[in-house]
Amino acid sequence: MVFNRAKTVGNGTTVDSKYIQQHLPNERTYLAWIRTAIAIIGVGFLVLNMHENMISSFTVFGDVLAHTIGLFSVGLGISTIIMATIIYLKKVTSINNQTFVSSKKFIITLSVFIILIALLFGIFFTMG
């Protein structure tokens, strides 16, 4: 189990301290994903706030698009936090067991969704 921090390997050292040089970058990567998620959520709030300030200049399609971008960005940010936490915990276990495998699927999926948001963001601002 990931939360079993008391597991020792000899001489009173823990498994985590044995692989400290792998765990510290894993924690930094996790925090970077959290910062990315906060930025993605911020984009959603930015679009909704800008839309509310310029509401008279948009069509019904622009209104729907602004709300879609906002909600999609917030949902993607929350999903990023959840997935980053799951991947972080899996990596802790795989580092300790020396069975590390990189998480390409998560990175590719997140990249595709960020590109989609950027395209929707571009469409939103070209309509004005």
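The values are calculated or read from the model by the stated rules, or taken from the named source; none is laboratory data. What you are looking at is a predicted structure, and each value in this text was computed from that prediction instead of being measured. Positions of Cβ are generated from backbone atoms using ideal geometry, with glycine treated the same way; all protein chains shown enter the neighbour counts.
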Point to revise | Every residue from segment 94-104 that is loosely packed, with under 14 Cβ neighbours inside 10 Å and either of a type outside the set (Gly, Ala, Ser) or touching a strand residue (DSSP E or B) at 6+ places or on another chain (Cβ under 6 Å) (or both) | key: Asn97, Gln98, Thr99, Val101, Lys104
Exercise for review: Could you please tell me which pairs satisfy a Cβ distance under 8 Å, a separation of 6+ or placement on different chains, a first residue in segment 62-87 that is closer than 16 Å to His51 by Cα and free of Cβ contacts under 8 Å to residues at least 24 places away in the same chain, and a second residue that is buried (at least 18 other Cβ atoms within 10 Å of the Cβ) and not basic (Lys, Arg)?
Suggested key: Asp63/His51; His67/His51
Exercise for review: Test Ile69 against the criterion of being at pLDDT 85 or above, surrounded by 13 or more Cβ atoms within 10 Å (Cβ to Cβ) and under 14 Å from the mean Cα position of the chain (by Cα), and give yes or no.
Suggested key: no
Point to revise | Residues located in segment 23-56, provided they are under 16 Å from Phe121 (Cα atoms) and among the small types (Gly, Ala, Ser) | key: Ala39, Gly42, Gly44
Practice item. Of all residues in segment 108-128, count the ones that are β-branched (Val, Ile, Thr), loosely packed, with under 12 Cβ neighbours inside 10 Å and either in contact with a Lys or Arg (Cβ under 8 Å, 6 or more places away or on another chain) or modelled with pLDDT of 85 or more (or both). Key: 3
Point to revise | Total residues in segment 99-128, condition free of Cβ contacts under 8 Å to residues at least 60 places away in the same chain and not in a helix (DSSP H, G or I) | key: 4
Point to revise | Filter pass, Ile40 being in contact with a Leu (Cβ under 7 Å, 6 or more places away or on another chain), closer than 24 Å to Ile69 by Cβ and at pLDDT 90 or above | key: yes
